[in-house]
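Sharing a structure with you now.
The numbers here are math on the coordinates, done by the rules we state, and not lab data. Quick caveat, the model's predicted, so the values are computed rather than measured. Here the Cβ positions follow ideal geometry from the backbone for every residue, glycine too, while neighbour counts run over all protein chains shown.
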Amino acid sequence: MAVVRGKRIEVLYSASTIAARNLELAKEIGERDYRDLLVISVLKGSFIFSADLVRAMHDAGLEPDVEFIMLSTYGAGTEAGEVKILRDIDSDVAGRDVLLVDDILESGKTLTFARDLIMQRSAKSVGLCVLLDKSMRRQAATPLQADFVGFECPDHFVVGYGMDVGHAFRELPFVGVVAGDA
Ligand code: IMP
Ligand code: MG
């Protein structure tokens, strides 16, 4: 339990648990026959996970290119809403193996949009890697499955390790749940 901004934060996945899982994920990614791999970090929520994952990939002997896309999903996790590109990648993805990295797969709306966008640009393949999977929240319209999942996430709003409430709590080195006032 940590106290941040006067709130008690219950630790769900500790920094060391996440670090160990990142290395396993990197090895799983390395077992695929990816060539000329381009990792695309889906900002903002995945900035810490992506930073750690690509270094774990280096430790696993991989040599990916790394890019960034910034998406905003209005009404994420709900039926309504749409996805907007706030900042696009610079690279040409045609003919390349691409791995999209995001913090959480919830309704599936964000990553369905991102995957379709990259496929439309003639990528050879698009893999999905997420730290957390809230599979119970998936919606029928976007029944997506990630290729690589760090942890199955309980149905709570989580913060830390890049994930926020109104831009707060991103700096926490662990994933936690806001449990109330301290
Ligand atoms: P989806 O489009 O419903 O799959 O939404 C996934 C996006 O919603 C993630 O990339 C996160 O940015 C955000 N999100 C979903 N659940 C949480 C949460 O518990 N904490 C913080 N952000 C979340
Ligand atoms: Mg996000």
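Of all the Cα-Cα pairs you can form in the chain, what percent are over 21 Å apart?
When every Cα pair of the chain is considered, 48 percent fall beyond 21 Å.
A follow-up question, please. For the pair Arg137 and Asp65, what calculated FRET efficiency results from E = 1/(1 + (r/R0)^6), where r is the Cβ-Cβ distance and R0 = 25 Å, to the nearest 0.05? Before the final figure, lay out the partial values.
Values: r = 31 Å, r/R0 = 1.25.
Efficiency, rounded to the nearest 0.05: 0.20.
Counting only helical runs of four or more DSSP H residues, what would the 222 nm mean residue ellipticity of the chain come to if each run contributes -39,500 (n - 2.57) and the total is spread over all its residues?
When only DSSP H runs of four or more count, the value is -7500 deg cm²/dmol.
Quick one: 3J(HN,Hα) in Hz for the stretch 134-151, Karplus 6.51/-1.76/1.60 with θ = phi - 60°, rounded, Gly and Pro as x.
9, 5, 5, 9, 5, 9, 4, 6, 9, x, 8, 10, 7, 7, 9, 10, x, 8
Using a 10 angstrom cutoff on alpha carbons, build the Gaussian network for the chain and name the most mobile of Asp116, Asp155, Asp33.
Greatest mean-square fluctuation among the candidates belongs to Asp33.
Here's something else I'd like to know. Extension gain Val4-His167, at 0.36 nm per residue separation less the Cα-Cα distance, in nm? Kindly include the intermediate steps, with their values, before the conclusion.
On the way: separation 163, 0.36 × 163 = 58.68 nm, distance 1.35 nm.
Roughly 57.3 nm would be gained on extension.
Can you tally the lysine pairs in the chain where the Cα-Cα distance is under 16 Å and the two residues are eight or more apart, or on different chains?
For the chain, qualifying lysine pairs total 4.
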